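Reading through the structure tokens given below for one structure.
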């Protein structure tokens, strides 16, 4: 809910010209993906979670580039989008979800 309020407030003020909707998608996926991984994955193996987050980030990067590519797909930009999403996901795990205990609660109440 808090994230939704922040996004609405950000959009209402007008995004800076260099900030595109694909950047916002990468940001949102990067923040939400760790919780989705915690809900689905009961394992405490960091490597497995990192692989899942990298997969989600890769799909996000490719889809973002595919949606905005006008004629020519740029794999370099897709990679930049994927890395950006992955970095945001890892930062949100250790900077937001772990310290607040949300990751543990998601893992405990996740899908079986």
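In region 25-62, the qualifying residues are those that are at pLDDT 90 or above and out of contact with any helix residue (DSSP H, G or I) (no Cβ under 9 Å at 6 or more places or on another chain), and the one that is farthest from residue 83 (Cα to Cα) is 51.
So that you can scan it fast, the table gives a plain yes or no per residue for (1) part of a helix (DSSP H, G or I); (2) over 26 Å from residue 104 (Cβ atoms):
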| residue | (1), (2) |
| --- | --- |
| 28 | yes, no |
| 38 | yes, no |
| 57 | yes, no |
| 65 | yes, yes |
| 71 | no, yes |
| 90 | yes, no |
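The values are calculated or read from the model by the stated rules, or taken from the named source; none is laboratory data. Worth saying up front: this structure is predicted, and the values here are computed from it rather than measured. Please note: Cβ atoms are built from the backbone with ideal geometry, for glycine as well, and neighbour counts cover all protein chains shown.
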